[in-house]
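All remarks here apply to the structure that follows.
The values are calculated or read from the model by the stated rules, or taken from the named source; none is laboratory data. Everything quoted here is computed from the prediction, not taken from an experiment. Ideal geometry is used to build each Cβ from the backbone, glycine not excepted, and the neighbour counts take in all protein chains shown. Quick note on the areas: whole protein, heavy atoms, side chains included, nothing else; ligands and nucleic acids left out. Shrake-Rupley method; radii C 1.70, N 1.55, O 1.52, S 1.80 Å.
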Amino acid sequence: MASIPAHPTSPAEDLSRPPHERYQAASHFKDREHEFDSVKMGVWLFLATEILLFSGMFCAYFIFRLLHPEAFIAGSHLLEVKWGLINTIVLLLSSYTVASGVRHAQTGNLKWLKINIALTFLAGAAFLGIKFYFEYWHKIQVGELPGKFFFYPYARSEYEPLWWGVYWVATGIHASHVIVGMGLFAWLFLRARRGEFGPGHYNAVEGVGLYWHIVDIVWIFLFPLLYLIH
Amino acid sequence: MSHAAHDHHASYLAYKGSPDDPFWSVKLPRTIWDWASTIDHKKIGVMYLVAILFMFFLGGMAAIAVRTELWAPTKVQTINDATGEVIVGAVPAGVKSHTEVRGNWIGHRMGEGENLAKSNELYNRTMTLHGVIMVFLVIVPSVPASLGNFLLPLMLGAKDVAFPRLNLASWYVYLVGSVFAIIAIIQGGVDTGWTFYTPYSTTTDDGFLRVTWMVTGAFILGFSSIFTGLNFVVTVHKLRAPGMGWFDMPLFVWGIYGAAVIQVLATPVIGITLLLMIFERTFHVGIFDPRLGGDPVLFQHFFWFYSHPVVYVMILPGMALMNEMIATGARKPIFGYRAVAFSSLAIAGISFIVWGHHLFTSEGEVAAIVFSALTFLVAIPSAVKVFNWLATLYKGSICLNTWNLYALAFLFLFSIGGLTGLFLGSLAVDLHLHDTYFVVSHFHYVMMGGTIIAFVGGIHFWWPKMFGKMYNEVGGTIGFVLVFIGFNLTFFPQFVMGSQGMPRRYANYVSEYQLYHQLSTIGAYTLLAGFLTHLVNFLYSLAAGPKAAPNPWGSLTLDWTNTSSPPIEHNFEHEPVVVHGPYDYDNVLPPQTRPGDYILPKPADVATGH
């Protein structure tokens with residue numbers, strides 16, 4: 001039976017407390033709040049780099065749409081709005097679960113923190129499942145592929161391979177971000193199970209949450225640009 | 001554990017990190033692992049320094065090879081068409097047909113009798129090797145990753161950068177990127193030039209992976225750069241010592257901060273560009289391929305949207321070093337502190353709107369006019385800095401230590417580099433000068449005459465702080481003289497031959513240019529001698545240099561005033577409190593100095609000391 005020290009010298013050494021209460025900020029920070037603010041700023045800067053990364057892709061989209069509108073219109077008609085819409089809804093729901101996960105970490109409701117992390121992970125898996133099975137796999141079969149791999153027989157514009165290049169690269173880079181996000185949620189889940197997160201310490205939950213929102217927002221732009229604008 | 005072993009362990013703990021055990025010592029029981037797993041910004045800075053200097057040597061040797069090749073103009077070989085053999089002297093009567101092949105000197109030496117056309121390709125690969133290594137592996141990380149890593153927390157009075165593990169990760173990412181580049185080199189190197197222009201870069205060496213390796217390496221190095229930049233921005237915002245407001249920071253920090261902002265905001269764009277290029281090569285996506293409806297000029301826009309701002313990632317940290325060296329070297333406050341501070345941010349801002357001046361001949365006319373006009377804006381904050389340094393030197397007690405000689409050389413060389421940039425920014429003149437040696441020379445006067453000169457000066461300046469040893473001043477001065485003469489001898493003739501029409505990136509040239517090329521080659525070897533002198537000096541200092549005082553130059557920034565040389569593991573014995581400005585030489589006697597510790601004249605009217 002674990003004995004509880006009668007006079008714990010500091011919260012950090014009081015083993016009867018859960019890990020998130022015992023957490024101490026790295027020694028070069030004043031306190032946990034100082035560390036939290038710094039981590040958050042770092043994550044926001046990282047998100048700025050993500051936006052700039054995707055902005056290159058959006059820039060390519062707009063330029064080639066101006067140069068070859070017919071190819072983009074023809075290609076866009078070949079996408080199934082249904083699957084894009086379902087995936088949009090899945091991601092929007094996951095944005096809700098990740099945000100409420102952060103909220104539960106703040107309020108100390110650790111059971112629902114874990115549930116929300118797990119739900120977000122599953123939403124990411126659902127998104128990828130739909131993307132890969134119903135969209136990518138189908139397109140590979142019918143030859144709606146970029147550049148030299150293109151063999152779709154009913155192309156209505158000679159530049160359709162370029163459209164598929166833009167589609168595959170843009171959605172592919174986005175999907176790779178979803179995969180990374182799922183890895184991060186698995187990591188969060190393991191740490192949450194060990195009780196590492198709570199009101200006093202949830203830096204990683206907040207950071208990954210912000211990252212997931214940017215993944216979501218990029219899709220919110222990709223969906224209308226690729227699927228809806230004809 | 002026996003009593004004796006316990007004692008030994010306790011005494012080791014007391015010894016570890018104490019002034020008797022400088023952080024860079026590799027004495028046992030410290031092991032390689034201590035270094036490989038360190039999250040101490042000082043050690044990471046030193047590891048970066050070693051890696052960058054190694055890469056500088058590699059890129060420098062490629063430059064020496066290029067310059068050696070250019071000693072002689074085109075060689076001509078006569079090949080017997082029937083047998084493929086080289087004909088020496090007059091063509092024998094029995095030979096029915098023969099071909100004249102133009103080639104170069106290195107190839108001629110390396111493969112006697114080989115077809116010289118092949119050796120021209122070798123030249124292209126060597127030239128690309130020089131460019132890629134120097135840009136991506138040396139100048140971009142040079143000052144921020146080595147000196148910046150070491151000094152930024154010290155100058156801010158912090159124990160470390162905001163994210164120490166990310167800092168270590170950036171070093172490993174740098175290594176991985178370098179390994180990719182080296183794999184590309186082992187596979188034969190690439191001949192694209194460091195700019196990787198499409199469609200050449202997406203079609204050359206088809207069937208080989210070496211271009212893909214090289215480009216992937218550059219892509220990975222981008223992450224290293226982002227990690228460092230992101231870390232520095234957060235550190236500056238969040239970890240300043242009590243009492244240090246934004247305008248109490250040393251100007252070094254302002255310069256590094258400006259560069260870090262650019263690193264964070266520009267590098268992702270080269271990321272997507274290089275990623276698209278990799279897809280282009282491997283899947284023929286078509287985005288840069290006109291046959292598939294793509295646009296190669298888009299690559300140039302993307303590339304320079306990153307690579308122009310990154311020119312300021314290269315120069316801003318060099319300018320940052322200048323502030324510290326000039327102020328200490330003149331024993332005067334920096335003239336116009338706020339103007340210099342804001343000029344760093346202005347350069348960072350303007351850097352994002354001038355990329356089109358690299359595309360004067362490939363973009364539209366209106367765009368070229370707009371970008372030309374915008375380009376001249378850069379001259380304003382750059383000139384603010386140079387004039388303020390000159391004003392700082394005015395009536396100062398200027399010392400001529402090696403590092404201050406480098407600082408003065410920077411003023412001279414960077415001014416030449418900057419002013420010749422105005423020629424290139426003017427559309428009409430640029431049409432004549434573009435793609436000539438004039439551009440090569442301009443670029444080197446700014447990048448080498450600016451950044452590398454300031455970097456070498458900075459290494460001398462902070463050498464006592466980093467390693468706790470003094471370097472030999474006479475050796476340093478000899479090295480400086482060789483570098484300064486060698487540099488001007490290498491690159492000034494290139495202005496002349498460039499203005500006369502010698503195109504860049506050619507292995508061969510007409511004999512009219514031979515004199516300039518030979519001067520340039522002599523200069524390159526002089527530079528090599530200068531840098532080797534410094535290397536020997538540094539190695540000698542590490543082995544047998546006299547012990548350095550905490551503040552040998554009598555500076556006023558926290559890295560000198562509040563720590564030992566080298567600093568202890570957690571930088572400061574107590575958290576520093578900022579009580580005087582970083583350049584308050586008029587009012588403050590530099591702490592941690594004894595009279596005679598530094599060779600500079602003491603200000604006559606020092607009222608109070610600390």
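Here are the numbers for this structure:
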read-out: Checklist (1) open to solvent by less than 60 Å² (accessible area, probe 1.4 Å); (2) over 19 Å from A:D216 (Cα atoms); (3) within 11 Å of chain B (Cβ to nearest Cβ) applied to A:S76, failing item; value: (3)
read-out: Search result, residues across segment B:427-465 that are in contact with a Lys or Arg (Cβ under 8 Å, 6 or more places away or on another chain) and modelled with pLDDT under 95; value: B:D435
read-out: Among residues of segment A:92-146, those that are more than 16 Å from A:H177 (Cα to Cα) and open to solvent by 30 Å² or more (accessible area, probe 1.4 Å), counted; value: 23
read-out: Output for segment A:159-180, where each listed residue is among the small types (G, A, S) and touching a residue at least 24 places away in the same chain (Cβ under 8 Å); value: A:A170, A:A175
read-out: Residues of segment A:181-203 classified as in contact (Cβ under 8 Å) with a residue 24 or more places away in the chain and either basic (K, R) or in a helix (DSSP H, G or I) (or both), total; value: 11
read-out: Hey, A:F36 more than 8 Å from chain B (Cβ to nearest Cβ), in contact with a Ser or Thr (Cβ under 9 Å, 6 or more places away or on another chain), buried (at least 17 other Cβ atoms within 10 Å of the Cβ) and aromatic (F, W, Y) or not; value: no
read-out: Residue in segment A:51-66 that is farthest from B:L239 (Cα to Cα), counting only those that are touching a residue at least 60 places away in the same chain (Cβ under 8 Å) and either more than 21 Å from the chain's Cα centre (by Cα) or at the interface with another protein chain (Cβ under 7 Å from one of its Cβ atoms) (or both); value: A:F64
read-out: Checklist (1) open to solvent by less than 50 Å² (accessible area, probe 1.4 Å); (2) not in a helix (DSSP H, G or I) applied to A:G209, failing item; value: (2)
read-out: Condition met for A:L45 (of a type outside the set (S, T, Y), out of contact with any Phe, Trp or Tyr (no Cβ under 8 Å at 6 or more places or on another chain) and closer than 30 Å to B:V236 by Cβ); value: yes
read-out: Some residue of segment A:20-43 being in contact with a strand residue (DSSP E or B) (Cβ under 6 Å, 6 or more places away or on another chain) and among the aromatic types (F, W, Y); value: yes
read-out: Members of segment B:582-593 found to be within 14 Å of B:R331 (Cβ to Cβ) and part of a loop (DSSP other than H, G, I, E, B), listed by number; value: B:P582, B:Y583, B:D584, B:Y585, B:D586, B:N587, B:P590, B:T593
read-out: Residues located in segment B:486-516, provided they are of a type outside the set (K, R), open to solvent by 60 Å² or more (accessible area, probe 1.4 Å) and not in a helix (DSSP H, G or I); value: B:Q500, B:Y506, B:V510
read-out: All positions within segment B:150-178 that are in a helix (DSSP H, G or I) and within 11 Å of another protein chain (Cβ to nearest Cβ); value: B:P153, B:L156, B:P164, B:R165, B:L166
read-out: Of all residues making up segment B:41-69, the number that are without any contact (Cβ under 8 Å) to a residue 40 or more places away in the chain and over 13 Å from the mean Cα position of the chain (by Cα); value: 3
read-out: Near pairs, Cβ below 7 angstrom, 6+ apart or cross-chain, from segment B:152-171 (in contact (Cβ under 8 Å) with a residue 60 or more places away in the chain) to any residue that is of a type in the set (D, E) and open to solvent by less than 10 Å² (accessible area, probe 1.4 Å); value: B:L154/B:D559; B:M155/B:D559
read-out: All positions within segment B:277-291 that are at the interface with chain A (Cβ under 7 Å from one of its Cβ atoms) and open to solvent by less than 40 Å² (accessible area, probe 1.4 Å); value: B:V285, B:G286, B:I287
read-out: Sole exception among (1) farther than 30 Å from B:N537 by Cα; (2) in contact with a Leu (Cβ under 9 Å, 6 or more places away or on another chain) for B:A407, by number; value: (1)
read-out: Residue satisfying all of: in segment A:156-181; more than 12 Å from every other protein chain (Cβ to nearest Cβ) and open to solvent by 30 Å² or more (accessible area, probe 1.4 Å); farthest from the chain's Cα centre (by Cα) among these; value: A:R156
read-out: Hits in segment B:199-250 - residues which are within 24 Å of A:V43 (Cβ to Cβ), in contact with a Pro (Cβ under 9 Å, 6 or more places away or on another chain) and part of a helix (DSSP H, G or I); value: B:L221, B:G222, B:S224, B:S225, B:I226, B:T228, B:G229, B:N231, B:F232, B:T235
read-out: Residue count for segment B:292-305, restricted to those that are more than 9 Å from every other protein chain (Cβ to nearest Cβ) and in contact with a Phe, Trp or Tyr (Cβ under 8 Å, 6 or more places away or on another chain); value: 5
read-out: Count of segment B:352-372 residues which are more than 28 Å from the chain's Cα centre (by Cα) and free of Cβ contacts under 8 Å to residues at least 24 places away in the same chain; value: 5
read-out: Within segment A:143-155, tally of residues that are among the aromatic types (F, W, Y) and either within 16 Å of B:P290 (Cα to Cα) or within 14 Å of chain B (Cβ to nearest Cβ) (or both); value: 3
read-out: Given (1) crowded, with 20+ Cβ neighbours inside 10 Å; (2) of a type in the set (A, V, I, L, M, F, W, C); (3) outside any loop (DSSP other than H, G, I, E, B), index of the condition B:F196 fails; value: (3)
read-out: Test for B:G94: is it at pLDDT 90 or above and of a type outside the set (D, E, K, R); value: no
